[in-house]
Amino acid sequence: MLETCCDLLAEAYRRNWITSRDGNLSIRYHDRDHFYITPSGVRKQKMQYDMFKKIRIANNGLREFPEVIEQDDISGNLKPSGELPLHFGLQREMGQHSEDIRVVVHLHPTYTIAAMHRGIVLQDLVKDFPELSRYTNVAPSVGDVAPISQELADHCHKALELDEFGNIAYDIVGIKGHGVVSIDTTPWRAFEHIERLEHICQIVLASGVS
Ligand SMILES: [Zn+2]
């Protein structure tokens with residue numbers, strides 16, 4: 001599965017949805033007390049599965065802060081993604097994915113960011129493009145907040161309506177001037193939420209009508 005995550009990041013790079021060192025991803029199996037997250041500052045199109053950082057979640061109850069579990073592979077020389085607070089909050093409890101895997105993907109898809117920059121409300125696109133909502137629930141977007149901050153994590157969790165049991169009300173949230181965060185039970189399912197929204201945003205921008 002970690003190799004699939006590497007394939008996803010290479011595909012995101014190929015589609016121009018990230019530059020080399022952007023984007024991050026985490027994955028958790030429901031029966032484990034830890035999750036894996038991409039390291040900081042590496043070229044994501046060349047990610048290898050042994051670069052992922054292992055993060056402890058539970059140890060006699062839920063942890064308030066993430067703890068890195070160091071390993072003897074390439075990841076030992078790397079630091080976890082700066083967006084760790086964003087991923088940790090979403091991975092700490094599994095909520096509606098309690099019998100499954102949970103994957104959190106953060107990318108910078110071009111047309112979705114362009115649409116937000118132009119003032120288009122992503123959640124409103126559902127009205128004109130009902131296909132979007134068949135498989136993807138879009139959260140209200142997050143405004144201008146600094147990247148790799150606890151504030152960004154808090155705003156995204158609030159927009160997704162993350163509750164104390166790890167349930168979320170939406171599949172994807174946009175962050176103005178920055179990117180999106182998407183969640184699902186496989187890497188490619190999470191990717192498809194981004195792809196679906198990106199496609200609609202491209203159509204809207206091509207039409208010149210917003
Ligand atoms: Zn980012």
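Rule-based calculations on the coordinates, nothing more; no lab input. On a predicted model such as this, the values are computed, not experimentally measured, just so you know.
Before moving on, here are some points about what is shown:
- In the stretch 7-79, Cα pairs under 8 Å separated by at least six residues give a relative contact order of 26 percent.
- Taking the chain and dividing mean pair separation by its residue count, relative contact order in percent (alpha carbons under 8 Å, at least six apart): 21 percent
- Considered as an equivalent ellipsoid built on the Cα gyration tensor, the chain has semi-axes of 28, 19, 15 Å, the largest given first.
- Candidates Pro130, Pro66, Pro109: whichever shows maximal mean-square fluctuation once the chain is modelled as a Gaussian network with Cα springs under 10 Å: Pro130
- Rounded, prolate or oblate (a/c below 1.5 giving rounded, otherwise prolate when a/b exceeds b/c) for the stretch 75-162 by Cα gyration tensor: oblate
- Whole-Hz couplings from phi, Karplus 6.51/-1.76/1.60, listed for the stretch 38-44; x for Gly and Pro: 4, x, 7, x, 9, 6, 5
- Cα shape, the stretch 1-81, gyration tensor, a/c 1.5 rule: prolate
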